[in-house]
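See below for the structure under consideration.
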């Protein structure tokens, strides 16, 4: 019986991998340009880390985490997001003692047990950044500017930056009873999930995508009405910073995000080209999380971007050129030709030129057929006769033009024609 992959977990085949590398290279470029350094943390952690950071009453912790028992009985969980593990590493390695700014970026798989659909998988991949130690609105603006610069550089279509002010914990505690009172009056109009959230996480009701729930909460009291002057001043400074950088935004009072650790600035970049799963990247400020997990009081802000969703949206004009444009196929045949061709193949590769061959092909016709299938721009033909003459025949697969190349100068002859990969 054939064993198939797990539902909601996709293979990344060679045809799509170049798009991902292109996206990751862009993300790495802009992150380092903004002064962020790469960090790599484990894909599984003790379950307590996520329960304490994300929030025990969130959908992620209650229903979506992949949790299992280690052999010693410890409860472990595949990471559902990247922030908690990065914060754990920040605390464990005492990065707060370093006087340099602690700004990290990461790539990697995340895991959530959700109903698979377009743009939502059980194993998905993210690029994320976390900035620690700066309780300054400009740090929020910097994170948003990085996100906007990356998505703009990728020329993703129909993007909207949505932003909201969640205030401080005291602001939300003042607001929650007001919101709960309103929601209880709308109880019969809410979905079962939102009815449960009234008791556990009432702000999440505002973010529900079910049409009846959105209609029922349209007239709900707004968090802004319970906001302290300090929180308003902070958020106003963030908006002024975005204005100064000409970054467009839309105020969305419903934007509360699904993680408990956010405070003050929260933001999300959405698109109209992905259907129901319309969020491309999102994040916000989380000043209390480091302390919650046992570290010193540390302000922080960050975001994450879904690589799968960005790949789905990436315009073909932005996709990397076919590898064949920079590839030489070595068609080596005959006893002497095969031997010399194998050496030439290695010489090309050592010089940084992408070179390929199909060892199953024994005739020139078979080699040329494979070179066509691989869409190689050039084919270097080396048979026994060519070895005797000390020459190889270089064929342009597009124009069909051919020229002699000295076997002693193959690399020097080809390098000007091919951009090294």
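Yes or no, residue by residue, for (1) out of contact with any strand residue (DSSP E or B) (no Cβ under 8 Å at 6 or more places or on another chain); (2) buried (at least 19 other Cβ atoms within 10 Å of the Cβ); (3) at pLDDT 95 or above:
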residue: 86; (1), (2), (3): no, yes, yes
residue: 89; (1), (2), (3): yes, no, yes
residue: 93; (1), (2), (3): yes, no, yes
residue: 116; (1), (2), (3): yes, no, no
residue: 123; (1), (2), (3): no, no, no
residue: 127; (1), (2), (3): no, yes, yes
Among 341, 401, which is buried (at least 18 other Cβ atoms within 10 Å of the Cβ) and either more than 30 Å from residue 159 (Cα to Cα) or outside the structural domain of residue 153 (by TED's automatic domain parsing) (or both)? 341
How many residues are more than 15 Å from residue 254 (Cβ to Cβ) and modelled with pLDDT under 85 if we restrict to region 187-207? 10
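Scan region 188-228 for residues that are in contact with a strand residue (DSSP E or B) (Cβ under 8 Å, 6 or more places away or on another chain) and part of a helix (DSSP H, G or I) and report the count.
As a first pass, look at region 188-228 and keep what is in contact with a strand residue (DSSP E or B) (Cβ under 8 Å, 6 or more places away or on another chain): 223-224, 227.
Those still in the list that are part of a helix (DSSP H, G or I) too: 223-224.
Looking only at that region, the number is 2.
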Where residue 141 falls short, out of the listed (1) in contact with a strand residue (DSSP E or B) (Cβ under 8 Å, 6 or more places away or on another chain); (2) touching a residue at least 60 places away in the same chain (Cβ under 8 Å): (1)
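Residues checked against (1) without any contact (Cβ under 8 Å) to a residue 60 or more places away in the chain; (2) over 31 Å from the mean Cα position of the chain (by Cα); (3) assigned by TED's automatic domain parsing to the domain that holds residue 89; (4) surrounded by fewer than 22 Cβ atoms within 10 Å (Cβ to Cβ):
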| position | (1), (2), (3), (4) |
| --- | --- |
| 150 | no, no, yes, no |
| 157 | no, no, yes, yes |
| 181 | yes, yes, no, yes |
| 190 | yes, yes, no, yes |
| 196 | yes, yes, no, yes |
| 207 | yes, no, no, yes |
| 219 | yes, yes, no, yes |
Checking 355, 331, 338 in turn, the sole residue that is more than 43 Å from the chain's Cα centre (by Cα) and modelled with pLDDT of 90 or more turns out to be 338
Among the candidates 387, 405, 328, which residue alone is part of a strand (DSSP E or B), farther than 30 Å from residue 120 by Cβ and without any contact (Cβ under 8 Å) to a residue 60 or more places away in the chain? 405
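The values are calculated or read from the model by the stated rules, or taken from the named source; none is laboratory data. Remember, it's a predicted structure, so these values are computed and weren't measured experimentally. Glycine gets a Cβ as well: all are built from the backbone with ideal geometry, and neighbour counts include every protein chain shown.
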